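Let me begin by presenting the structure, written as structure tokens, before commenting on it.
The values are calculated or read from the model by the stated rules, or taken from the named source; none is laboratory data. These numbers come from a predicted model, not from an experiment. Note that each Cβ is placed from the backbone with ideal geometry, even for glycine, and that neighbours are counted across all protein chains shown. Side chains are part of the model used for accessible areas, which takes the heavy atoms of the whole protein and leaves out ligands, DNA and RNA. Shrake-Rupley method; radii C 1.70, N 1.55, O 1.52, S 1.80 Å.
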Amino acid sequence: MPRDFTPKVVTANHLLDGDVIYQTADDRWSRHHAEAELITDEAHATIRLLDAERQVDTVVGAYLADARPGTHGPEPVHFREVFRTRGPSNYAHGKQVEL
Amino acid sequence: MYRYNEFDRDFLAERNRQFRAQVERRIDGSLTEEEFKPLRLMNGLYLQLHAYMLRVAIPYGTLNSAQMRQLAYLAERWDKGYGHFTTRQNIQYNWPRLSDVPDMLDALAEVGLHAIQTSGNTIRNVTADHFAGAAADEVADPRPVAELIRQWSTDHPEFQFMPRKFKFAITGAPNDRAVTAAHDIGLRIVERGGEIGYTVLVGGGLGRTPMIGKVLAEFIPAEDLLPYLEATVAVWNAIGRRDNKFKARIKILVHEVGLDALRAEVEEEFTLRKPLYAGGRDVALLEEIAGHFAPPEFETTPTETYDAAYASDPVFRSWADTNLAPHRADGYAIVTVSLKKQGDTPGDATADQMRVMADLAERYAHDELRISHEQNVILPHVHKRHLPAIHAALKAAGLATANIGLVSDIIACPGMDYCALATARSIPVAQQIATRFDELKLEHEIGPLKIKISGCINACGHHHVGHIGILGLDRAGVENYQITLGGDGTEDAVIGTRTGPGFAYDEIVGAVETILKTYLSLREDPSETFLQTCRRLGIAPFKAALYPEAKTRAA
Ligand code: HEM
Ligand code: SF4
């Protein structure tokens, strides 16, 4: 039996500054994970990833990352994705101070 | 110091012009990322977790004060005010914007620096002992040969499409500070009956299949060196594996074919190639290059100011005892400036700190600086009478930490705080270990110790050759740290032995503490180092201390 599809968000890095970005349901790119579109259907996920990959002048390296619903919107599951929502742990740089 | 000639300068300017146009075409969307990625990597530009990263090469780790000031300028103008010095003797900027990178490269070119990563399956930048040309134990300065190899291998038509990349390292001293045994070819300059020659090691490397290099030839005289190296690379290029990228390095060939069989092939190839070098042009070129690396004029003046400070100032004395190394010239010392202040990020320096080091080099140290693979900065030629002033200036800049070679002088790769390939963090582990032993006031009690941390199996932090090696992994979605003990990156190189199951992020500092307290209780006397105790007793007592539950279960 194929494994159940776990919810995903489409994430990438922004072309100009490399910052982590998330695809929203209304086709914007947000710097906030909580604003991402939480995708629960596998076929839809494939389409949304293709949508992202077509935008070669904005995004780099789009991929699907596991996520789950949270109080303010989708939350990351894996620790790598948690770090991507914050920035490095050795300095107060990146999203943790810029958002 | 070696200076780039007109040809190199024009080449750099042209490369920068091309890359500026490529960046513009990427930003306006006419180049896709697939098209652009190989171009940016060739120019040292990576995309990491949170931002771009620009990696600037520092050949043989050698810099002058103007170059160091320019690195500071880049950090301030286009980054967040600091730079990260790495084990590959380069500096990384973690926050450049894509559109600024062409300006950064032009600024680097003004001082003869570049970010050309010589990527691809070619012969990479040759690394050398960071004490080259200064160390008291040196047979000869290894940098001229490193430069000769660079010139011979750059654009060498036979070696542009090899099975994989190929790395050389060279040491001119019997105490190997260049980790030559962990490179595809390691060279050690030796003297035999008054003649200078080279011991050639082959097949070392870390990464996913760690191996220690083996001696391919004990003594190759200078006039045979290039044909011999060419023969070795050619044999591998012809019969090395191209079917699997993880089996393509020469270390796998040594493993599969055997050292003796490889040596026989290399010797046969060597006799074919040697006549092509009959004119001796390579030896003449080596002599010419050596002229560029001529040592500065050393002064012979008294060292009283040093002797007085050493006798009267305990803070200075402690720093001098750990951070100075013997220099070949009387009255001189090699200063290692620690970028490992406890709790700070290993290898990071702020723009202000870079300027302080540049000023000190210019004023007191023949305008020379080095970057070590251990992520510290070195003033290679310092007359001892200047040391009290240098120490005072370093102290004011937060750069006078007296910990070289001790528990807090940790190598750590960027790990998951920056690196897109990482499976776990390494920087905060290093910060916490250093802070912990500083609080315990055990650093000097423990003595010489090399802890090395990598955030994935690529082993950028050299963990296999750390006395204590730490490898961060992702185990079912949580960070997990494997420990190896007894590794050694010197002339007696050894790959460390794994202790057993890994430790969670919040357990790893405690595990290191357990290991070191076990060592303190087991050493024969304070002169027995951690590595010596490890060699004498093996890892069993450390395992027993780390995994007490395993023992009770077995009992
Ligand atoms: C953050 C961006 C980095 C990336 C993407 C990266 C990637 C890699 C990869 C893929 C390898 C394995 C290559 C192979 O074995 O074929 C490697 C090896 C290596 N890297 Fe990095 N690295 C990064 C940063 C660093 C830093 C900061 C250092 C120095 C502190 C470093 C030092 C090394 C060394 C010494 C090796 C060779 C290990 C060996 O002997 O096999 N790297 N790197
Ligand atoms: S060892 Fe892994 S995590 Fe560390 S810098 Fe290299 S590739 Fe990145």
Restricting to bridges with both residues inside the range B:411-554, how much of the DSSP beta-bridge set is antiparallel, in percent to the nearest 5? 70
Cα gyration tensor of the range B:309-396 - equivalent ellipsoid semi-axes, whole Å, descending: 19, 15, 13
Simple Cβ-charge dipole of the range B:179-295, Lys/Arg +1 and Asp/Glu -1, about Cα centre, in debye nearest 20: 700
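Taking a 18 Å limit on the Cα-Cα distance, which of the listed pairs B:165/B:245; B:247/B:450; B:341/B:395 fall beyond it?
B:247/B:450
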Run the dipole for the protein assembly as shown about the Cα centre, Lys and Arg Cβ at +1, Asp and Glu Cβ at -1, nothing else charged, and hand back the magnitude in debye, nearest 20. 1300
Less than 19 Å apart at the alpha-carbon level, and either on another chain or at least 8 residues along: which lysines does that give for residue A:95? B:80
Which one, B:280, B:172, B:196, projects farthest toward the positive side of the charge dipole computed for the range B:142-292 from Cβ point charges (K/R +1, D/E -1)? B:172
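Per residue of B:89-97, what is the mean number of Cβ atoms on other protein chains within 10 angstrom of that residue's Cβ?
Other-chain Cβ atoms within 10 Å of each residue's Cβ, averaged: 2.
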Reach of residue B:543 by Cα under 16 Å, taken over lysines that are not fewer than 8 positions away in the same chain: B:517, B:551
Hey, got the average number of other protein chain Cβ atoms within 10 angstrom for residues in A:88-97? 6
Leading residue at positive end of dipole, chain B (Cβ point charges), from B:216, B:112, B:477: B:477
Spatially proximal aspartates and glutamates relative to residue B:274 (Cα-Cα < 12 Å; intrachain offsets below 8 disregarded): B:223, B:224, B:230, B:282
To the nearest 20 debye, what charge dipole does chain B have about its Cα centre, counting +1 at the Cβ of each Lys and Arg and -1 at the Cβ of each Asp and Glu? 1640
When the charge dipole of the range B:6-109 is computed with +1 on Lys and Arg Cβ and -1 on Asp and Glu Cβ about the Cα centre, the Cα farthest towards its positive end, among B:99, B:39, B:67, belongs to B:67
Carbon/sulfur accessible area of the range B:403-555, % of total, 1.4 Å probe, equals 57
Ignoring ligands, DNA and RNA and using a 1.4 Å probe, state the total buried accessible area between A and B in Å², rounded to the nearest 100. 2400
If you average the alpha carbon positions of the range B:194-208 and of the range B:324-378, how far apart do those two centres end up, in angstrom? 27
Per residue, the convex hull enclosing the Cα atoms of the protein assembly as shown spans a volume in Å³ of 188
Cα-based Rg (one decimal) and Dmax (whole number) for chain B, in Å? 23.4, 73
Roughly how many Å² of residue B:152 are accessible to a 1.4 Å probe, to the nearest 10? 30
May I ask you to find the residues of the range A:2-26 that are shielded by at least 30 Å² of accessible area once the whole protein assembly is considered instead of their isolated chain (probe 1.4 Å)? A:13, A:15, A:16, A:17, A:18
To the nearest Å², the heavy-atom accessible area per residue of chain B with 1.4 Å probe amounts to 39
